[in-house]
Amino acid sequence: QPIISSNPTNAIPNTPILTPNNVIELNAVGMGVAPESTISPSQALALAKRAAIVDGYRQLGEKMYGIRVNAQDTVKDMVLQNSVIKTRVNALIRNAEITETIYKDGLCQVSMELKLDGRIWYRILSGARG
């Protein structure tokens, strides 16, 4: 889902399009769990929250810059032998806000919001589309 389009009529419906003159809001919900090796409930909560924040940033980065996917399948005698999929996101994100944090059953869910001002971000993201 690109957030920048040279032709807004070709944009994905209900996807905000960043122009040099507007501000769009991106939202993400990150999820994280603590590793089993934590030494206290407080540490488990802190690590789960950190994992959820990182997941939220990853999702915001995917929305801003896209995601690079590399996949390789091995087929022998028309039977799938091996399938490997790797994804990569490289993003600069500033001023994302955590709007809600929920802990339930060992899972931390963090709602995040990022406002992109077109006067600043349009030129940066236009150059990153390649």
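The values are calculated or read from the model by the stated rules, or taken from the named source; none is laboratory data. Note that the structure is predicted; figures quoted are calculated from it, not measured. FYI the Cβ positions are ideal-geometry reconstructions off the backbone, even for glycines, and counts take in every protein chain you see.
Before moving on, here are some points about what is shown:
- With respect to being out of contact with any Ser or Thr (no Cβ under 6 Å at 6 or more places or on another chain) and under 23 Å from residue 17 (Cα atoms), residue 49 falls outside the description.
- Per-region count, the stretch 18-45, residues at pLDDT 90 or above and among the β-branched types (Val, Ile, Thr): 4
Here's the yes/no breakdown for (1) in contact with a strand residue (DSSP E or B) (Cβ under 7 Å, 6 or more places away or on another chain); (2) over 14 Å from residue 26 (Cβ atoms):
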position: 66; (1), (2): no, no
position: 85; (1), (2): yes, yes
position: 88; (1), (2): yes, yes
position: 107; (1), (2): yes, yes
position: 112; (1), (2): yes, no
position: 115; (1), (2): yes, no
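- Residue 15 being outside any helix (DSSP H, G or I), of a type in the set (Ser, Thr, Tyr), surrounded by 10 or more Cβ atoms within 10 Å (Cβ to Cβ) and at pLDDT 90 or above: no
- Within the stretch 18-35, the residues that satisfy the criterion of being surrounded by 15 or more Cβ atoms within 10 Å (Cβ to Cβ) and either assigned to a loop (DSSP other than H, G, I, E, B) or without any contact (Cβ under 8 Å) to a residue 12 or more places away in the chain (or both) are 18, 34.
- The set of residues from the stretch 86-127 being in contact with an Asp or Glu (Cβ under 9 Å, 6 or more places away or on another chain) and farther than 19 Å from residue 32 by Cα comprises 91, 114, 115, 116.
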